[in-house]
1. Of the residues GLU65, GLU52, which is touching a residue at least 12 places away in the same chain (Cβ under 8 Å), part of a helix (DSSP H, G or I) and more than 16 Å from the chain's Cα centre (by Cα)?
2. Where residues in region 40-65 are of a type in the set (S, T, N, Q), surrounded by fewer than 15 Cβ atoms within 10 Å (Cβ to Cβ) and at pLDDT below 90, which of them is nearest to PHE90 (Cα to Cα)?
3. Restricting attention to region 97-111, and to residues there that are part of a helix (DSSP H, G or I) and in contact (Cβ under 8 Å) with a residue 12 or more places away in the chain, which single residue is most open to solvent (accessible area, probe 1.4 Å)?
4. Determine which member of the set ILE25, ILE13 is buried (at least 21 other Cβ atoms within 10 Å of the Cβ), closer than 17 Å to GLN121 by Cα, of a type in the set (Val, Ile, Thr) and at pLDDT below 90.
5. Being surrounded by 15 or more Cβ atoms within 10 Å (Cβ to Cβ) and within 25 Å of ILE13 (Cβ to Cβ) narrows it down to one of LEU78, LEU94, so name that one.
6. Of all residues in region 112-137 being open to solvent by 80 Å² or more (accessible area, probe 1.4 Å) and modelled with pLDDT under 85, which is nearest to GLU52 (Cα to Cα)?
7. Report yes if ALA37 is surrounded by 17 or more Cβ atoms within 10 Å (Cβ to Cβ), more than 30 Å from HIS136 (Cα to Cα), among the small types (Gly, Ala, Ser) and under 15 Å from the mean Cα position of the chain (by Cα), otherwise no.
Amino acid sequence: GYDHLPFLFALLIVGGSLKEAAKIITSFTLAHSLTLAVATLGWVNLSSTIVEPLIAASIVYVGIENLVRRDYKKRWLLTWCFGLIHGFGFASVLRELGIGANGSGVAMPLFSFNLGVEIGQIAIAVLVLPIIWRLHK
């Protein structure tokens, strides 16, 4: 969703190599895949009144961290944790689309959704990182 783009930009704005960005992006995708699956299957259900403010807080936290922190080597771990939260937000979208309703299969829609998110994030990183690197110079 649109709230994810500022989060991704905030993660990438500190620079780093494309390999580091891919590690951050992939850790996010793996984490949100986990919570997306358990939420879509109905094993865990968190209200959007809890999830949406947590997603917003994750964006604010990364922005503040960008201002005060200088070492981003473990950013992938932070991104993993926030990916868990974002996965619950993505689950509401899939439920609205009817994924998993009435006993319908969830494996292929979940895989396709996660693959699409991963490809989209890496595509954005490929476009944005050269600009960020140029600005850092």
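1. From the options GLU65, GLU52, the qualifying one is GLU65.
2. Among those residues, the one meeting the criterion is SER48.
3. Only one residue tops the list, namely PRO109.
4. None of the other options fit; the residue is ILE25.
5. Of LEU78, LEU94, the one residue that is surrounded by 15 or more Cβ atoms within 10 Å (Cβ to Cβ) and within 25 Å of ILE13 (Cβ to Cβ) is LEU78.
6. Within region 112-137, the match that is nearest to GLU52 (Cα to Cα) is HIS136.
7. Criteria met by ALA37.
The values are calculated or read from the model by the stated rules, or taken from the named source; none is laboratory data. None of the values given here were measured: they were computed from a predicted structure. Positions of Cβ are backbone-derived with ideal geometry, glycine not excepted, and every protein chain shown enters the neighbour counts. Calculation scope for accessible area: heavy atoms of the full protein, side chains included, ligands and nucleic acids excluded. Shrake-Rupley method; radii C 1.70, N 1.55, O 1.52, S 1.80 Å.
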